[in-house]
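Asker: Below: one structure in structure tokens.
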Amino acid sequence: MKIVRIFENLFAFQYEKEALNEYDKLFELWSDVGYLEQFARDNIDDIPDKLFFDENLNAKVSRFIEYILYQVDQLDDTLIRLIEHGDLDHFFSPLHNQEYRIVELSLQKGKLSFLRIYAIRIEKNIYVITGGAIKLTQKMQDRPHTSKQLDILKSCRSYLQENEVYDSENFFELITP
């Protein structure tokens with residue numbers, strides 16, 4: 001497991017035996033029409049009818065794919081704009097809505113519609129991405145693909161804690177060879 005810099009204050013985990021870091025992997029996956037079609041078909045019952053209602057299954061899947069592809073472009077533009085303005089704290093928020101104060105190595109989510117990027121907050125405007133998902137249900141525990149992301153978030157936080165990362169100084173010591 002290693003951590004790579006994406007932008008000045010945005011980092012991502014790159015897991016062993018993975019060719020891409022989690023940031024690049026998410027955008028590649030979410031731009032893959034074949035993946036999105038299979039995801040839509042596998043999760044068809046979770047896709048909200050009020051947004052994608054159609055008696056024709058193929059039409060519903062096609063509209064869902066178009067919507068996600070549009071959201072991916074919007075997400076990319078949003079992140080770049082926020083990074084340029086040093087404002088990542090406006091994108092990420094605590095994973096658990098009942099978390100009202102900033103905690104050490106806080107589990108975070110950044111979201112746009114159904115797309116979620118999961119990260120750990122190191123300090124103000126410094127985040128390390130652990131993964132992401134297309135989230136169609138209320139709770140992460142409701143589906144295996146989002147539940148897995150919750151486990152990964154916790155595992156990555158443990159990794160940082162085991163390496164005595166509690167602030168940006170310790171974080172930069174860890175990632176600098």
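Asker: Give region 1-55 a look and list any residue that's among the aliphatic types (A, V, I, L, M) and farther than 30 Å from residue 171 by Cα, or say none.
Answerer: From region 1-55, those among the aliphatic types (A, V, I, L, M) are 1, 3-4, 6, 10, 12, 19-20, 26, 29, 33, 36, 40, 44, 47, 51; that's our starting set.
The answer is 33, 36, 40, 44, 47, 51.
Asker: Please name all residue pairs, on different chains or six or more residues apart, with Cβ atoms under 9 Å, provided the first residue is in region 1-18 and is farther than 17 Å from residue 162 by Cβ and the second residue is among the acidic types (Asp, Glu) and loosely packed, with under 14 Cβ neighbours inside 10 Å.
Answerer: Close Cβ pairs satisfying both conditions: 7/84.
Asker: Still on this structure: Which of the residues that make up region 74-89 are buried (at least 17 other Cβ atoms within 10 Å of the Cβ), of a type outside the set (Val, Ile, Thr) and touching a Phe, Trp or Tyr at 6+ places or on another chain (Cβ under 7 Å)?
Answerer: Scanning region 74-89 gives 79, 82, 88.
Asker: Looking only at region 28-73, count every residue that is surrounded by fewer than 17 Cβ atoms within 10 Å (Cβ to Cβ), within 26 Å of residue 3 (Cβ to Cβ) and in contact (Cβ under 8 Å) with a residue 12 or more places away in the chain and tell me the total.
Answerer: Residues meeting the conditions: 1.
Asker: OK, next. If you go through region 22-35 one residue at a time, do you hit one that is at pLDDT below 95 and either under 20 Å from residue 155 (Cα atoms) or β-branched (Val, Ile, Thr) (or both)?
Answerer: From region 22-35, those at pLDDT below 95 are none; that's our starting set.
No.
The values are calculated or read from the model by the stated rules, or taken from the named source; none is laboratory data. The shown structure was predicted, so the numbers you read here are calculated from the model rather than taken from an experiment. Counting neighbours? That spans all protein chains shown, and the Cβs are built from the backbone with ideal geometry, glycine included.
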